Ligand code: AMP
């Protein structure tokens with residue numbers, strides 16, 4: 001493998017990399033750096049987070065930047081504030097010994113005047129989220145006329161979040177002869193369209209096979225139903241005594257509920273989603289990085305900016321709506337040479353979604369039984385014994401107390417002593433799992449309550465009279481909904497795009513406002529006037545949805561995308577939704593919840 005110097009990087013950059021502990025280039029760096037230095041040809045890179053892609057695009061730009069000119073020469077677009085800040089900080093680190101190179105990071109939800117002042121001083125490199133970058137271009141604070149490089153980082157995620165218009169607007173004002181570097185973990189149709197529209201004969205490089213997951217990740221699935229989903233999650237946490245994991249959820253509400261339940265049950269857990277203020281999110285991420293939080297429950301978008309290399313597990317509390325996102329999620333573990341496990345909790349209905357994912361990751365999911373109480377006790381017990389074995393004894397401090405202790409315990413044999421101290425630490429655990437049910441049997445049974453109460457109960461499902469034939473896709477539908485200004489920060493749930501009509505869910509508290517907004521605005525889409533109607537709730541186990549047979553709906557499910565607000569993911573609303581109690585929680589209580597057995601570190 002080549003060294004950084006052999007890839008064509010100057011000494012000042014090499015020195016900064018050494019300071020950062022980068023010894024050898026990663027695969028994507030080895031492929032992209034010499035290519036971008038030697039040629040102005042556009043580049044399409046298949047790379048996930050964790051592969052070293054930030055350095056792969058930043059280093060060749062730093063190598064060639066004209067530090068004597070103050071003009072903006074490179075603009076790097078990234079989907080979230082967190083990721084933009086991380087990239088900006090990385091570039092500052094890489095250019096530590098290039099004193100004239102200036103980087104400005106711009107993102108929504110922060111003071112735009114300050115960002116304008118920073119741009120005015122002259123930054124050769126600008127890192128930004130799409131929305132704020134467009135704002136700054138419109139205000140003429142950011143001029144892209146002399147741009148030599150445009151980087152689209154996590155292009156799939158930017159398009160997922162509905163930023164297509166913003167990408168178009170930025171790319172439209174950059175010079176023809178710039179070099180475009182597009183990095184994406186997945187290449188759905190929308191990303192290919194951007195490449196086709198804006199890139200000239202791009203060379204393709206890859207950190208592995210297209211869309212393929214890391215070799216260091218094993219993939220498991222656990223069969224659950226809505227009754228056993230949460231208890232199964234707890235058992236997975238309990239059996240893996242050193243768990244350090246992200247639990248991915250699809251909606252903010254689901255995220256908050258799962259986190260609340262875990263916290264209540266004594267785990268070091270917290271939630272990360274877009275309803276938290278930026279300060280709250282920063283604080284949660286910091287605690288997670290420091291491992292003060294062991295289990296982070298997060299939405300896909302909120303977790304994007306987290307740079308953590310040593311996760312033991314990624315847990316899909318529910319599979320993502322867009323199956324490509326599974327690769328993004330599982331790519332958070334098995335990084336930097338570590339091994340990791342990606343777990344999917346699936347019910348009978350969702351099992352069918354595993355096959356298409358297997359085709360993408362080119363690996364099989366291993367069905368894994370939900371651990372039994374006995375297995376958990378065994379693991380926890382051995383963990384405790386390991387801790388005892390490895391604990392350091394401070395001889396001098398303990399010395400003066402020992403004679404009394406020895407005397408008090410002199411009656412007990414070695415065996416009795418061991419049993420007693422293990423029981424002291426362990427009784428609550430043992431009693432909790434003493435009569436634990438076999439969740440595998442329960443999971444294979446249908447839910448007696450029909451569908452889970454989770455998300456759909458809080459959402460209203462709407463019919464809308466436009467569909468795929470009108471060029472509707474999830475991102476455009478989210479854009480259309482947001483354009484109606486129903487309320488700030490409306491939560492959008494599942495989306496089903498069919499040929500001539502579609503369905504979407506929004507927070508049920510805003511169903512009347514949504515009807516009123518669509519009626520008042522009389523929106524048009526692809527030349528058709530748009531109308532929406534509330535659909536009847538589907539009853540458990542039966543009842544067709546309006547206009548679509550079940551087969552069709554399932555097909556569309558695979559393609560539908562969970563809606564997120566179309567804006568920079570740095571919403572600073574500061575609201576934290578409270579969540580009510582759930583079925584699972586109530587059921588779990590019945591099994592006797594053992595409370596705070598996991599001590600905060
Ligand atoms: P990225 O994919 O750019 O988010 O990088 C993932 C992680 O790997 C970050 O923590 C980087 O600091 C680290 N990293 C990137 N390149 C290297 C390298 N060549 N050697 C060691 N660590 C690296």
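No lab work stands behind these numbers, since they all come straight from the coordinates. Keep in mind that what you see is a predicted model, and the values were worked out from it rather than measured. Neighbour counts are summed over all protein chains in view; Cβ atoms, including those assigned to glycine, are modelled from backbone coordinates with ideal geometry.
Which value, in nm² and rounded to one decimal, describes the direction-averaged projected area of the C-alpha convex hull of region 107-177?
The Cα convex hull of region 107-177, projected and averaged over all directions, gives 4.8 nm².
So what's the convex hull volume per residue for the Cα atoms of region 301-446, in Å³?
Given the Cα convex hull of region 301-446, per-residue volume reads 191 Å³.
Take 26, 255, 51 and order them by how many other Cβ atoms sit within 10 Å, fewest up front. Don't jump to the answer; show the numbers that get you there.
Working: 26 19, 255 28, 51 24.
Taking fewest neighbouring Cβ atoms as first place, the list is 26, 51, 255.
Indicate the gyration tensor shape class of region 1-120 (rounded, prolate or oblate), computed on the Cα atoms with a ≥ b ≥ c the square roots of the eigenvalues: a/c under 1.5 is rounded; otherwise a/b larger than b/c is prolate and the rest oblate.
prolate
Distance between the C-alpha centers of region 148-190 and region 19-79? Whole Å please.
Taking the Cα centre of each part, region 148-190 and region 19-79 sit 15 Å apart.
What number, in percent, do you get for the relative contact order of region 123-182 if the mean sequence gap of Cα pairs under 8 Å and at least 6 apart is divided by its residue count?
Contact order relative to length: 47 percent.
From the square roots a ≥ b ≥ c of the eigenvalues of the alpha-carbon gyration tensor of region 83-241, which class results: rounded (a/c under 1.5), prolate (a/b over b/c), or oblate?
prolate
Using only the alpha-carbon atoms of region 169-288 as identical scatterers, what base-10 log of I(q)/I(0) does the Debye formula give at q = 0.11, 0.12 Å⁻¹?
With one equal scatterer per Cα and no solvent, log10 I(q)/I(0) is -0.66, -0.75.
At a threshold of 8 angstrom on Cα-Cα distance, excluding pairs fewer than six apart, so keeping six or more, what relative contact order does region 12-150 reach in percent? Before the final figure, lay out each step's value.
Numbers: 192 pairs, mean separation 39.5, N = 139.
This gives 28 percent for region 12-150.
For a footprinting-style exposure proxy, rank 154, 324, 411 by other Cβ within 10 Å, fewest first.
Listing 154, 324, 411 from fewest to most nearby Cβ atoms yields 411, 324, 154.
As an exercise, take the mean of 1/r over every pair of distinct alpha carbons in region 225-339, invert it, and state the Kirkwood radius in angstroms.
Over region 225-339, the inverse of the mean reciprocal pair distance is 14.1 Å.
Once each part is reduced to its C-alpha centroid, what is the distance from region 209-281 to region 95-129 in angstrom?
Cα centres, region 209-281 to region 95-129: 35 Å.
How would you classify region 472-540 from its alpha-carbon gyration tensor, with a ≥ b ≥ c the square roots of the eigenvalues: rounded for a/c under 1.5, else prolate if a/b is greater than b/c, otherwise oblate? Spell out each step's value before the answer.
Details: a/c = 1.43, a/b = 1.08, b/c = 1.32.
Rounded is the answer for region 472-540, as its axis ratio a/c remains below 1.5.
By counting other Cβ atoms within 10 Å of each Cβ, how are 304, 414, 252 ranked from fewest to most?
414, 304, 252
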